[in-house]
Amino acid sequence: MRKLMQASLIALILAAPAAMAQNTSPAGTWKTIDDETGKPKSLVRITEENGVLTGKIEKLFRPADQDQNPKCTACEGARKDQPIIGMTILSGLKKDGNEYTGGEILDPSKGKTYKSKAALKDNGSKLEVRGYIGAPMFGRSQTWVREQ
């Protein structure tokens, strides 16, 4: 009986760190929350390749009476008039300490691209994404929620 208790205790000790580990990568699917309305706006799938993060829109949350896959009419260049679903809106983010920096984020509603940085929060369940012009203090942030 004593050996069984010792074995159980050892198994519990070995399993505990894995159970308590936070999700340390932003890779996955995120629900974007509009920072002005507080309502879900889209689902973005973030992938990581060679240490660089990229995010594409997978779904938009729009009223039923609106186009469910609008085109980016405000965008310029190759993105002009392209469907927003499937569009890369986040690119170039690289790990920098506890943050991901050096990236760009597109606001499809305005057709504007901004510098961006991001940081995981709440044990990896939230991603704080900041878009800015010039310095990070001149921008705005959104908190995205990880989809399970």
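For the chain, with equal point scatterers placed on the C-alpha atoms only and solvent neglected, what are the log10 I(q)/I(0) values from the Debye formula at q = 0.09, 0.13, 0.14, 0.17 1/Å, to two decimals? One equal scatterer on each Cα of the chain leads to -0.36, -0.62, -0.70, -0.96. Which entries of LYS94/LYS121; LYS39/LYS115; LYS71/LYS112; LYS39/LYS95; LYS39/LYS71 show an alpha-carbon separation above 19 angstrom in the structure shown? The pairs that break the limit, which is 19 Å between Cα atoms, are LYS39/LYS115; LYS39/LYS95; LYS39/LYS71. Applying both filters, DSSP loop and at most 14 other Cβ atoms within 10 Å, to the GluC sites (Glu not before Pro) of the range 50-124 gives GLU76. Sort out for me the Cα centre separation of the range 96-112 from the range 65-90, rounded to whole Å. Rounded to whole Å, the Cα centres lie 17 Å apart.
Values quoted throughout were computed directly from the atomic coordinates according to the rules given, and no laboratory measurement underlies them. Every value quoted in this text rests on a predicted model; they were computed, and no experiment measured them. When we count neighbours, we look across all protein chains shown, and the Cβ atoms used for this are built from the backbone with ideal geometry, even at glycine.
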